[in-house]
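K.L.:
If you scroll down you'll find the structure; I have some questions about it.
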Amino acid sequence: MVSTATQIAGFNFDNCLMNAAGVYCMTKEELLEIEASAAGSFVTKTGTLEARQGNPEPRYAPTTLGSINSMGLPNMGYDYYLDFVLDLEKEPNSKNHFISVVGLSPADTHTILKTLEASAYQGLVELNLSCPNVPGKPQIAYDFETTENLLTEIFAYYTKPLGVKLPPYFDIVHFDQAAAVFNKFPLAFVNSINSIGNGLVINEETVIIKPKNGFGGIGGNYIKPTALANVHAFYQRLNPSIQIIGTGGVKSGRDAFEHILCGASMVQIGTALQEEGPEIFTRITEELKAIMSEKGYESLEDFRGKLQYLD
Ligand code: DHB
């Protein structure tokens, strides 16, 4: 009797595995494929106030150890995802979902979140503070003062469950500073990590994606140690009411197990889902359950956050 069920902010999920924002979530058709898979939920492509075409193609490329992308926030506009999820969740036995949003300016972000606040949607929202790919727009979460000001403004009116998607941090003092900011707010969750921003992959003598002369966010195998470090650093530092979603480098049950051991309550899959398709959720769920049975764990609570240290 092994279960990979989980909860985020009181919302139940039959399975802790789901897509990472940006992968298999641009259109209703893709989202319905995730819905029909073994995934416990989906998150929608980060929606902006207006629909966007994104950057020129090729803008995603797989590599031997992962992927590089500079999508540039192509999306159908946040209201497309809101309307779709509202409709879907009217079905009896619908899963619970996450709507990912961000504005291209603080004013846009407030317009979006005020609309969500006033809407019928009572579910989870993931505010993306970590898009690395829009030319001229730095990642919000690398500026702690801007992040604190934005969250202060948001929580003056926003009362529904809200979490933030974060970029990777690479310094212990930055973990301390970021956690101190997030602990000031009634966040439902933080999701670590987004891609490692602005890497460069070269084939022969040439870059492999077109935008920004080849610079793009790195995902896949390369980023698992950074992802695990961010998940565990926040698990050690955040108020227990702020749950953690682990994202980065998951392509096996063992990878998902490690994220949960580091403190993740839900685990998202990006590059490996892009490469393998939604059937991946069946495979990884079986692999995770096999590891749990072998160790005598029946639920995620039996090992979540219980990473062991050397004496
Ligand atoms: C994009 C990439 C990201 O990593 C992200 O968080 C948001 C958007 C993109 O380029 O579309």
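K.L.:
Strictly over 24 Å apart at the Cα level, which of LYS165/LYS295; LYS114/LYS224; LYS45/LYS212 would you flag in this model? Don't skip to the end; give the middle numbers.
P.N.:
Working: LYS165/LYS295 31 Å; LYS114/LYS224 35 Å; LYS45/LYS212 21 Å.
Among LYS165/LYS295; LYS114/LYS224; LYS45/LYS212, the Cα-Cα distance tops 24 Å for LYS165/LYS295; LYS114/LYS224.
K.L.:
Now, a different point. Over all distinct Cα pairs, what is the inverse of the mean 1/r for the stretch 133-231, reported as the Kirkwood hydrodynamic radius in Å?
P.N.:
That comes to 15.2 Å for the stretch 133-231.
K.L.:
Strictly greater than 35 Å: what percent of every Cα pair in the chain meets that? The partial results should precede the final answer.
P.N.:
On the way: 6070 of 48205 pairs.
The share of Cα pairs beyond 35 Å in the chain comes to 13 percent.
K.L.:
Which residue, ALA141, ALA120, ALA156, tops the fluctuation ranking in a GNM of the chain built on C-alpha contacts under 10 Å?
P.N.:
Of the options given, ALA156 has the highest mean-square fluctuation.
K.L.:
What 222 nm value per residue comes from the helices of the chain, counting each DSSP H run with n ≥ 4 as -39,500 (n - 2.57) and dividing by all residues, nearest 500 deg cm²/dmol? Each step should come with its number before you reach the end.
P.N.:
Numbers: 9 runs with 101 residues, N = 311.
Mean residue ellipticity, 222 nm, calculated: -10000 deg cm²/dmol.
K.L.:
Next up: Please report Rg over Rh for the stretch 1-106, where both radii come from the alpha carbon positions and Rh follows the Kirkwood definition.
P.N.:
Numbers: Rg = 15.1 Å, Rh = 15.0 Å.
In the stretch 1-106, Rg relative to Rh is 1.00.
K.L.:
Along the positive direction of the dipole of the chain (beta-carbon charges: Lys, Arg +1; Asp, Glu -1; about the Cα centre), which of VAL43, SER252, ASN55 reaches farthest?
P.N.:
So the residue we want is ASN55.
K.L.:
Give me the distance between the Cα centres of the stretch 1-33 and the stretch 131-147, rounded to whole Å.
P.N.:
Comparing the Cα centres of the stretch 1-33 and the stretch 131-147, I get a distance of 26 Å.
K.L.:
Once a ≥ b ≥ c are taken as the square roots of the eigenvalues of the Cα gyration tensor of the stretch 86-165, is the result rounded (a/c under 1.5), prolate (a/b larger than b/c) or oblate (a/b not larger than b/c)?
P.N.:
Taking the square roots of the gyration eigenvalues as a ≥ b ≥ c, the stretch 86-165 is prolate.
K.L.:
In addition: Which of SER37, SER100, SER119 moves most in a GNM of the chain, Cα contacts under 10 Å?
P.N.:
SER119
K.L.:
Tally up the carbon and sulfur contribution to the accessible surface of the chain as a whole percent, 1.4 Å probe, everything protein left in place. Walk me through the intermediate numbers first.
P.N.:
Values: 6990 of 13410 Å².
C and S atoms contribute 52 percent here.
K.L.:
Also, I was wondering about something else. Binning at 5 Å from 0, report for the stretch 145-299 what percent of all alpha-carbon pair distances ends up in each bin.
P.N.:
Pairs per bin, as whole percents: 2, 9, 16, 18, 17, 15, 12, 8, 3, 1, 0.
K.L.:
Could you work out the equivalent-ellipsoid semi-axes for the stretch 48-93, taking the square root of 5 times each eigenvalue of the Cα gyration tensor, largest first, in whole Å? Provide the component values of the computation, followed by the final result.
P.N.:
Numbers: eigenvalues 170, 55, 7 Å².
Value: 29, 17, 6 Å, ordered largest first.
K.L.:
Right, another one. Taking N as the number of residues in the stretch 183-261, what is its Cα Rg relative to 2.2 N^0.38 Å?
P.N.:
Details: Rg = 15.5 Å, N = 79, 2.2 N^0.38 = 11.6 Å.
For the stretch 183-261, the normalised Cα radius of gyration is 1.34.
K.L.:
Also, I was wondering about something else. Run the dipole for the stretch 126-205 about the Cα centre, Lys and Arg Cβ at +1, Asp and Glu Cβ at -1, nothing else charged, and hand back the magnitude in debye, nearest 20. Walk me through the numbers on the way to the answer.
P.N.:
Numbers: 4 positive and 9 negative charges, 78 e Å.
Using only the charged Cβ atoms, the result is roughly 380 debye.
K.L.:
Can you say what percent of the DSSP beta bridges in the chain, counting only those with both residues inside, are antiparallel? Round to 5. Spell out each step's value before the answer.
P.N.:
On the way: 17 of 42 bridges.
Bridges in the chain are about 40 percent antiparallel.
K.L.:
Using a 10 Å cut-off on Cβ atoms, rank the peptides 174-184, 278-288 from the highest mean neighbour count down. Could the numbers behind the result be given before it?
P.N.:
Details: 174-184: 16.2, 278-288: 18.9.
Per-residue mean Cβ counts within 10 Å order the peptides as 278-288, 174-184.
K.L.:
Ranking request for peptides 108-116, 69-77: highest mean number of other beta-carbon atoms within 10 Å first, then the rest in descending order.
P.N.:
On the way: 108-116: 18.3, 69-77: 21.6.
Put in order of decreasing packing, that is 69-77, 108-116.
K.L.:
For ASN191, which sequence-distant residues (separation of 5 or more, or a different chain) have an amide H within less than 5 Å of its own amide H, given hydrogens modelled in the peptide plane?
P.N.:
Residues meeting the amide H criterion: VAL164, LYS165, LEU166, ILE245.
K.L.:
Over the stretch 116-220, calculate the relative contact order: mean separation of alpha carbon pairs under 8 Å at least 6 apart, over the residue count, as a percent.
P.N.:
Values: 140 pairs, mean separation 29.2, N = 105.
After rounding, I find 28 percent.
K.L.:
Quick one: putting +1 on the C-beta of Lys and Arg, -1 on the C-beta of Asp and Glu, what dipole do you get for the stretch 20-103 around its Cα centre, in Debye to the nearest 20? Working shown, then result.
P.N.:
Values: 6 positive and 11 negative charges, 59 e Å.
Dipole about the Cα centre, nearest 20: 280 debye.
The values are calculated or read from the model by the stated rules, or taken from the named source; none is laboratory data. It should be emphasised that the depicted structure is a prediction, and the values quoted were computed from it without experimental measurement. Ideal geometry is used to build each Cβ from the backbone, glycine not excepted, and the neighbour counts take in all protein chains shown. Calculation scope for accessible area: heavy atoms of the full protein, side chains included, ligands and nucleic acids excluded. Shrake-Rupley method; radii C 1.70, N 1.55, O 1.52, S 1.80 Å.
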